[in-house]
Amino acid sequence: MMMTLDWIKSLDPKRVIVLDTETTGLDPDENEILSLSIVNLDGEVLFDELVKPERRKRWPKAAEINGITPAMVKDKKHLVEYGDQLRELWKNIDLVVGYKVEFDTNFLYMSGLCLSPHVQEFDVMREFAPVWGRWNDYKSSWRWAKLTQCAEYYGIGDFDAHSSLGDAEAPRQCFLALINDPKYVEPRINRDDYAREKAKADATARSEATKPSKTWGEAAKEEPGLTVGCISIILITLFLLGGCVSCVAGIFG
């Protein structure tokens, strides 16, 4: 089913969840979830737990960012132990919202929980980008804003960044603000069309800039009048020069 704004607004807020994870790293093939927080669109906390990784023992770089140390999770349950609870939750939702939501759902699916892959996802980061309006010429696409920048744009106060609960609550508020933002509801320009036209214009400009200069012969073919004019000028010049030579010969002859 195609996800439209009217469909999103028609959903029961209790069947829309906003989630965030904190992890041991960025690659879901090699890293694991350390905490998972889920709230519904009404702001009710449905899940908020620290979990113990099954394979990773240390994650010093991630700990510097999210503050979750091995000592904090050594006595916690593994995420799979919450499998039944999370699968039941997924049966009763229509939409998953997040900030760079694919990052979080990829970690969930890689954890082996077998959650329904058919639930629609809404990425606030991607959808907010054209509203934010910063264009990336190099990538020919809209720049992505940080969650803090999106929150600041919509006047959302301080939140506990890099805690999964804080990073779930902030996107919830950003999501509600975004879907009611006139710039998003009635975009002045379709972002996909704009991207295509911008890329096409850039390619044309680069092509023109690198095109070699026309030879005289190429210019003459394109502008026949130019050839006639040039020949006329040449003949007149030769005639005048010939007259001057005759005068000089007469003087000194």
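No lab work stands behind these numbers, since they all come straight from the coordinates. Quick caveat: nothing in here was measured; it's all calculated off a predicted structure.
Observations, loosely collected:
- Greater than 28 Å apart at Cα, pairs in LYS9/LYS76; LYS9/LYS183; LYS74/LYS146; LYS91/LYS146: LYS9/LYS76; LYS74/LYS146; LYS91/LYS146
- Residue-span extension gain [GLU88 to GLU44] - 0.36 nm each, minus C-alpha spacing: 14.2 nm
- Available extension along the chain between GLU152 and LYS139 is 2.2 nm, counting 0.36 nm per residue and deducting the alpha carbon span.
- Quotient of C-alpha Rg and 2.2 N^0.38 Å, computed over region 5-202: 1.08
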